[in-house]
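Let me begin by presenting the structure, written as structure tokens, before commenting on it.
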Amino acid sequence: MADDKKLTTRAGDFSAWYNELVLRAELADYSPVKGSMVIRPNGYGIWERMQRALDDMFKATGHRNAYFPLLIPESFLKKEAQHVEGFAPECAVVTHGGGKKLEEPLVIRPTSETIIYHMFAKWVQSYRDLPLLINQWANVVRWEMRTRLFLRTLEFLWQEGHTAHATHDEAEEETRRMLGVYRTFMEEFMAMPVITGQKSESEKFAGALRTYSCEAMMQDNKALQAGTSHNLGQNFSKAFELKFQTEAGDIEFAWNTSWGVSTRMIGGLVMTHGDDNGLVTPPRLAPIEVVIIPIWKTDDEKAKLTEAANAHRDELTSWMGRGAHDRLRVHVDARDGMRAGAKYYEWELQGVPLRLELGPKDLEKQSVFSARRDTRAKAPIAMAGVAESVAKVLETIQSDMFAAAKARREAHSVRDIASYDAFKQLMDGDGGFVYAGWCGDGACETKVKEETKATIRCIPDEEFRSAQAPTACLACGGPAKHEAVWAKAY
RNA sequence: CGGGACGUGGCUCAGCCCGGUAGAGCACUCCCUUGGGGUGGGAGGGGUCGCGAGUUCGAAUCUCGCCGUCCCGACCA
């Protein structure tokens, strides 16, 4: 490589850029087991911030956490016909334990519907026990053929919410509510705009009545399904005898929902905001929001500036303007033997939202020199009231990142595609989201997929639909039943 | 599982055609230098050349087999 300090560029090879960034920013590393990965502290730190924000939102909507076991009797998985069909090929199965062959093989959970609804059936007797609102943070295993760091690995971390309700409408409301929670999280924390909508029959969860998803656009204009929420109807309650007695005294099957987001979102974060210099983290998810780099020449200066940098850190971290539980997250990089410039590159690669440089000149001027990660804009910040100024810049970064990502998505969204040929041409070139009609026939979906690799990402919710609803199906030209978002996807 | 490529210090790779006892850059350790965007120099540590067999006086290099990785296709959060 001509310059192996630089990343491959996004324009040069998006896929290589992504892999290099994830490895070099130390978000994750390949594990000795093909297809699985180690999440390193930089990556896990982002996950922890995601978990915290989401967990608070789950609690605020009345859910409680629990933990269900990793191993599931194989027979459980087979109880729901669609479910087993969807997951059987990608299940890892434990056949031996304690040095003996097991009587019944145990499946390593690819998702926990079966074990959870089995347990729910024991816990629910009456309508008074409903709704039952449970979430678990867990790892799951799906034996994928082709894997990518964070985006698709054999094992990944996620949360799965599982609820039981007395009526279909309550379950539907819950399904939509949690999709909304995901959307809020993705927009407000990840600064990642998403389109919400319903999945087509072929893309829905195996065993669900309906699946809704959040779809985001990556910088290569491909779609990433970032979160899903399922109305499971009574499919699982019937398979697992999850019944309750109504107020009127009748016995009915409960209505279930399940919803999940995973460490895949970290991949989405990288591909939404990263640039050719590395990761760009939205402040609200950044384990370190501000890095302070003292600059010195002499030993005398070194002592003075390191002390000043530490004093700044203390001032920033003790500031309570965001509330006592949301202090600024600040790191001082006073490493010796490394030039300031080299530190800049390193922290940029790791995506720290704001850098503060503190040198002799700044001390004289009673200011610090700041550099934004997202725009790379530089400006001095007065020492007086520095914490408030910094907090304000971070807020600006957060909202600017969202606005930039949204503008990019809109720039690559097409609502007036002239013809199927034009669509093919677009998918052959730049790609993007195409809002176009769909007759509702799975055959048309399959045809488009085979010919262009693009699929229906979702039937968008009303607010995302075009002012003028499309009248013809993209593929067959017949009357359109829905407006659909078509795109190539991860 | 089909098609293609590749396995050589931690990383990226050269050496292989034409066999002769292993190299570069980066990274790492130490010293000096430098220090507001990847300083420069010096010294040093580190390799069963993927594994196994074969040919040969001698194999990283040639032959065969195996294993593994990556990319492209069939499945997917």
Return the equivalent ellipsoid semi-axes of segment A:288-396 as a descending list in whole Å, where each equals the square root of 5 times an eigenvalue of the C-alpha gyration tensor. 21, 16, 13
Are there trypsin sites (Lys or Arg not before Pro) in segment A:365-400 that DSSP marks as loop and that have at most 13 other Cβ atoms within 10 Å, and which are they? A:ARG376
To make sure I understand, if each residue's beta carbon is the centre and we count other beta carbons within 10 Å, what order do A:TRP259, A:TRP17, A:TRP158 fall in, fewest to most? A:TRP158, A:TRP17, A:TRP259
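How large, in Å, is segment A:141-207 by the Kirkwood hydrodynamic radius built from its alpha-carbon pairs?
Numbers: mean 1/r = 0.0682 Å⁻¹.
Result for segment A:141-207, one decimal place: 14.7 Å.
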When the C-alpha atoms of segment A:216-337 are aligned to their principal axes, what extent does each axis show, in angstrom, from largest down? 82, 39, 23
May I ask for the percentage of alpha-carbon pairs in segment A:358-473 that lie more than 22 Å from each other? 55 percent
Beyond 21 Å, the calculated P(r) of segment A:413-487 holds a percent of Cα-Cα pairs equal to 13 percent
Please work out whether segment A:60-204 counts as rounded, prolate or oblate from its C-alpha gyration tensor, where a ≥ b ≥ c are the square roots of the eigenvalues and a/c under 1.5 means rounded, while otherwise a/b larger than b/c means prolate and anything else oblate? oblate
Is it possible to state the helix-based mean residue ellipticity at 222 nm for chain A, with each DSSP H run of 4+ residues giving -39500 (n - 2.57), the sum divided by total residues, to the nearest 500 deg cm²/dmol? What is it? -11000 deg cm²/dmol
Would you list A:SER229, A:SER112, A:SER419 from fewest to most Cβ contacts within 10 Å? A:SER419, A:SER112, A:SER229
Would you mind counting up the charge near A:ILE108? Only other residues with Cβ under 12 Å from its Cβ, with Lys and Arg at +1 and Asp and Glu at -1. -1
Cα atoms only: what Rg and Dmax, in Å, come out for segment A:108-187? 15.3, 46
Given charges of +1 on the Cβ of Lys and Arg and -1 on the Cβ of Asp and Glu, with all other atoms neutral, how large is the dipole of segment A:90-177 about its Cα centre, in debye to the nearest 20? 460 debye
Between segment A:440-490 and segment A:66-116, how far is it from one alpha carbon centroid to the other, in angstrom? 35 Å
Assigned charges on the beta-carbon of Lys, Arg, Asp, Glu; segment A:259-372 dipole about Cα centre (debye): 300 debye
Relative contact order for segment A:14-273 using alpha-carbon pairs under 8 Å, separation at least 6, rounded to a whole percent? 20 percent
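Which of A:ILE295, A:ILE134, A:ILE397 has the fewest other C-beta atoms within 10 Å, and how do the rest follow up to the most?
By the 10 Å Cβ count, ascending, the order reads A:ILE295, A:ILE134, A:ILE397.
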Unit charges on C-beta of K, R, D, E only; dipole of segment A:413-487, Debye: 100 debye
Prolate/oblate/rounded call for segment A:29-68, Cα gyration tensor, a/c under 1.5 rounded: oblate
With no solvent and one equal point scatterer per Cα, compute the Debye intensity ratio I(q)/I(0) for chain A at 0.11, 0.12 Å⁻¹ and report its log10, rounded to two decimals. -1.00, -1.13
Cα-based shape type of segment A:14-273, given that a ≥ b ≥ c are square roots of the gyration tensor eigenvalues and the cut on a/c is 1.5: oblate
Along the dipole axis of chain A (charges at Cβ: +1 for Lys and Arg, -1 for Asp and Glu; origin at the Cα centre), the most positive-end residue among A:THR196, A:GLN350, A:THR167 is A:GLN350
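Rule-based calculations on the coordinates, nothing more; no lab input. Bear in mind the structure is a predicted one, so any value in this text is a computation, not a measurement. Heads up, the Cβs are rebuilt from the backbone with ideal geometry, glycines too, and the neighbour counts pull from every protein chain shown.
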